[in-house]
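Please treat every number below as a calculation from the coordinates, not as lab data. As the structure is a prediction and not an experimental result, all values here were calculated from the model. Every residue, glycine among them, receives a Cβ derived from its backbone with ideal geometry; neighbour counts consider all protein chains shown.
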């Protein structure tokens with residue numbers, strides 16, 4: 001079942017076409033990555049999904065249909081530009097914003113206090129928002145997105161300004177939400193975190209989709225003809241290998257054109273002077289792919 005379907009949407013602002021033609025679908029219960037360089041059209045796409053902007057053409061289905069007041073209350077949103085009431089005390093701010101999503105005051109206060117404990121903010125609950133550090137405000141905004149128990153959670157740069165301890169906490173909570181059947185759309189520039197969390201992705205550049213599908217398949221598509229080998233002994237001279245690079249106790253074997261990893265593994269298995277402990281196809285990181293595609297699109 002698909003929680004979100006974006007079908008050939010486009011959006012212009014005067015003479016600027018921010019989104020030209022974007023289509024993708026997000027499945028229920030998955031963490032889905034929405035990627036792209038700055039100015040690619042991601043934020044405009046998110047705003048159209050949230051019905052904050054109307055597309056010039058195309059259609060969007062959210063949680064089974066067009067946006068409605070009821071549907072809006074089933075969505076949690078962490079915007080890149082934060083939107084907390086800075087003069088309110090933290091706990092009061094959380095309770096008020098949860099109330100806008102239909103959560104009763106008592107229930108909102110109970111949920112907020114539990115999240116404040118988990119996010120190590122309980123002792124700051126009576127401070128005004130503008131008295132909190134940037135990282136604390138980031139965590140508070142994330143709590144706001146969760147408080148009404150949404151079915152669809154859209155998080156835009158959730159790791160910005162956070163230390164490694166809190167990055168790990170956000171990752172943990174996102175995984176818990178997905179395990180509970182919630183759908184998560186993650187937009188972030190930390191590609192290593194995206195690669196850890198998301199199963200599928202779409203990359204937008206210049207208002208168009210340039211990559212779409214399972215991250216594992218995207219990485220295989222961009223893989224160079226190389227393998228990584230770890231083991232003991234002497235590799236010697238291997239047929240169909242053009243070069244061997246040693247990196248941190250492992251060997252990266254660049255293969256001749258037309259040679260397959262399976263051929264190399266068979267050759268190694270017959271090598272009496274080398275014991276294979278690890279063998280895998282060398283896949284590029286999502287970070288490398290992001291940079292490559294963004295640069296190619298800008299040429």
**Asked** Relative to the longest principal Cα axis of the chain, at what angle does helix 105-118 sit, 0 to 90 degrees, rounded to 10?
**Response** 40
**Complete:** Expected sort for 246, 47 with the fewest Cβ neighbours (10 Å cutoff) up front is 246, 47
**Prompt:** Exposure proxy check: 163, 288 ranked by fewest other beta carbons within 10 Å?
**Reply:** 163, 288
**Label point 7 Å beyond Cα of residue 12 along Cβ direction - residues of region 56-90 with amide nitrogen under 19 Å** = 56-59
**Approximate spin-label separation residue 165-residue 133, in nm, with each point projected 7 Å along Cα-to-Cβ** = 0.9
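Residue separation times 0.36 nm, minus the C-alpha to C-alpha distance between residue 285 and residue 107: what's the value? Can you show the working numbers first?
Numbers: separation 178, 0.36 × 178 = 64.08 nm, distance 4.31 nm.
Here the answer is 59.8 nm.
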**Message:** Can you give me the distance in nm between label points at residue 157 and residue 266, each placed 7 Å from the Cα along the Cα-to-Cβ direction?
**Reply:** 5.2
**Fill in**
On each of the three principal axes the extent of the alpha-carbon atoms of region 2-219, given in whole Å and largest first, is 47, 36, 33
**Prompt:** Is region 147-203 rounded, prolate or oblate when judged by the Cα gyration tensor, a ≥ b ≥ c being the square roots of its eigenvalues, rounded requiring a/c under 1.5 and prolate requiring a/b larger than b/c?
**Reply:** oblate
**Item:** Rg/Rh ratio calculated on Cα atoms of region 10-52 (Kirkwood radius)
**Value:** 0.99
**Prompt:** Can you work out the base-10 log of I(q)/I(0) for region 12-130 at q = 0.22 1/Å, using the Debye formula on its C-alpha atoms alone?
**Reply:** -1.26
**Prompt:** Mind checking which of 110, 141, 245 has the largest fluctuation in a GNM of the chain, springs on alpha carbons under 10 Å?
**Reply:** 245
**Prompt:** Rg and Dmax of region 76-132, using alpha carbons, in Å: what are they?
**Reply:** 11.0, 29
**Asked** Can you work out the base-10 log of I(q)/I(0) for region 224-282 at q = 0.21 1/Å, using the Debye formula on its C-alpha atoms alone?
**Response** -0.73
**Request:** In nm, give the distance between the simple-model label positions of residue 237 and residue 20, each being 7 Å from the Cα along the Cα-to-Cβ direction.
**Result:** 5.1
**Item:** Highest-fluctuation residue, 247, 177, 138 considered, GNM on the chain with Cα pairs under 10 Å
**Value:** 247
**Request:** Tell me the Kirkwood hydrodynamic radius of region 63-167 in angstroms, computed as one over the mean inverse distance between distinct C-alpha pairs.
**Result:** 14.0
**Complete:** Zone reached by a paramagnetic label modelled 7 Å from residue 210 Cα along Cα→Cβ, restricted to region 10-24 with backbone N below 18 Å, covers 17-24
**Complete:** Taking the chain and counting helices only, DSSP H stretches of n ≥ 4 at -39,500 (n - 2.57) each over all residues, the nearest-500 ellipticity at 222 nm comes to -10000 deg cm²/dmol
**Item:** Centre separation in Å (Cα based) which lies between region 219-295 and region 51-95
**Value:** 46
